């Protein structure tokens, strides 16, 4: 490089070009550079959050509850929707461009000739920033898998696995047991491992037992149960909390909130006030998770769900929230996703489908390619559009006040839709 990048945009373009593959599993390279950076622990306390679905929401609940208790919290998540800065938050605020540029400069100087992927570069930059922010708590979201993910160079005080389902099969395996073994790699010996589903794969429990991790399981060690439509109860042996309904509204969000509570309560030597749990549960927000907007009387619902488990959650939400008008679905998925199983989750619902092409490098696919992977009846009835922009505009044009448009399929899908909706055109 003859001259160093100057702006955040320049840096993001530069680090995207530094490694021939966007994903390369393994910790040797990123650990080597981390050693050169000589980072200490990124915060006084660390919680790592992995899983197939619910990671971002669980991080948001942990962050909101801890901040309500007066803690200074850093959160590292991925991917982002509109701005890279979304990935790195300190005290509830996105880190600004100047600090990110400074962190990238430090990582670049430390890496020498060692190649880093885009995610590895960003992870090291976030950890460097967190260490200097004097945080009470760092919440780190695993990017892919667990065992070989760059975030796993950090030893957490508590590890969380939200759910395990079929996704990223090219990297993690084709069944829940194999995928669970990869995700279980974030657990640490003799430390708490919080499991956010009642039926975790046996591979996860077996690994926890082997290393002596203290597995805390939803439905066995902690519980959530409704009180009425506005309140619910979290409980474990000897303790319970009465809480407001989560602001995040998907059916799984109460389980995510319960998992976040269990993770915070599992931190050694820490006791948070009850009102912090209530305030955090009620205030946690996350774009692109059943995010609802309005356009000329039409409700637009945006969700980043991109695998069969997430699709089943969306279908359940639609069934629980009927409208008098018509719900139209804008769907665009990356080429490596199980699009047929995603769409099959809505079987039995009479929904007009607007299928869109998606451009994302080698994972791109056209609407025609997407349609070819779906059930023949769905594909034949769907309208095909070159882009999410075109599909969303067509769905809105076909809708009237009282109708709903659901947009989902990936982070890219939701990001493209938000650009359309924010443009005002």
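The values are calculated or read from the model by the stated rules, or taken from the named source; none is laboratory data. Given the structure is predicted, the values throughout are model-derived calculations rather than measurements. Ideal geometry is used to build each Cβ from the backbone, glycine not excepted, and the neighbour counts take in all protein chains shown.
General observations
- Criterion (surrounded by fewer than 18 Cβ atoms within 10 Å (Cβ to Cβ) and within 22 Å of the chain's Cα centre (by Cα)) met by exactly one of 273, 251: 251
- Taking strands (runs of 3 or more DSSP E) as the structural unit, those lying wholly within the range 238-340 and holding at least 3 residues that are under 30 Å from residue 419 (Cα atoms) correspond to 291-295, 298-303, 327-331.
- Exclusive hit being assigned to a loop (DSSP other than H, G, I, E, B) and in contact with a helix residue (DSSP H, G or I) (Cβ under 8 Å, 6 or more places away or on another chain), set 58, 52: 52
- Qualifying residues in the range 130-140 (those that are under 17 Å from residue 94 (Cβ atoms) and buried (at least 22 other Cβ atoms within 10 Å of the Cβ)) - the one nearest to the chain's Cα centre (by Cα): 140
- Residue check, residue 308 at negative phi, outside the structural domain of residue 93 (by TED's automatic domain parsing) and out of contact with any helix residue (DSSP H, G or I) (no Cβ under 6 Å at 6 or more places or on another chain): no
- Check on residue 245, in contact (Cβ under 8 Å) with a residue 12 or more places away in the chain, buried (at least 20 other Cβ atoms within 10 Å of the Cβ), under 20 Å from residue 64 (Cα atoms) and within 23 Å of the chain's Cα centre (by Cα): no
- When residue 156 is tested against the conditions (1) assigned to a loop (DSSP other than H, G, I, E, B); (2) surrounded by fewer than 24 Cβ atoms within 10 Å (Cβ to Cβ); (3) at pLDDT 95 or above, the lone failure is (2).
- No other residue among 126, 181, 98 is buried (at least 19 other Cβ atoms within 10 Å of the Cβ), at pLDDT 95 or above and either touching a strand residue (DSSP E or B) at 6+ places or on another chain (Cβ under 8 Å) or closer than 22 Å to residue 78 by Cα (or both) apart from 126.
- Within the range 380-397, the set of residues being in contact (Cβ under 8 Å) with a residue 24 or more places away in the chain and under 24 Å from residue 344 (Cβ atoms) comprises 381, 382, 383, 384, 385, 388, 391, 392, 394, 395.
- Residue in the range 167-174 that is at pLDDT 90 or above, surrounded by 23 or more Cβ atoms within 10 Å (Cβ to Cβ) and not in a strand (DSSP E or B) present: no
- Once the range 283-299 is narrowed to residues that are surrounded by 18 or more Cβ atoms within 10 Å (Cβ to Cβ) and in contact with a strand residue (DSSP E or B) (Cβ under 8 Å, 6 or more places away or on another chain), the residue that is farthest from residue 198 (Cα to Cα) is 298.
- Matching residues in the range 70-89 - criterion: being surrounded by 20 or more Cβ atoms within 10 Å (Cβ to Cβ) and either in a strand (DSSP E or B) or over 22 Å from the mean Cα position of the chain (by Cα) (or both): 71, 73, 74, 75, 76, 88, 89
- So residue 260, is it modelled with pLDDT of 95 or more and under 24 Å from the mean Cα position of the chain (by Cα): yes
- Some residue of the range 117-129 being without any contact (Cβ under 8 Å) to a residue 40 or more places away in the chain, part of a loop (DSSP other than H, G, I, E, B) and assigned by TED's automatic domain parsing to the domain that holds residue 41: no
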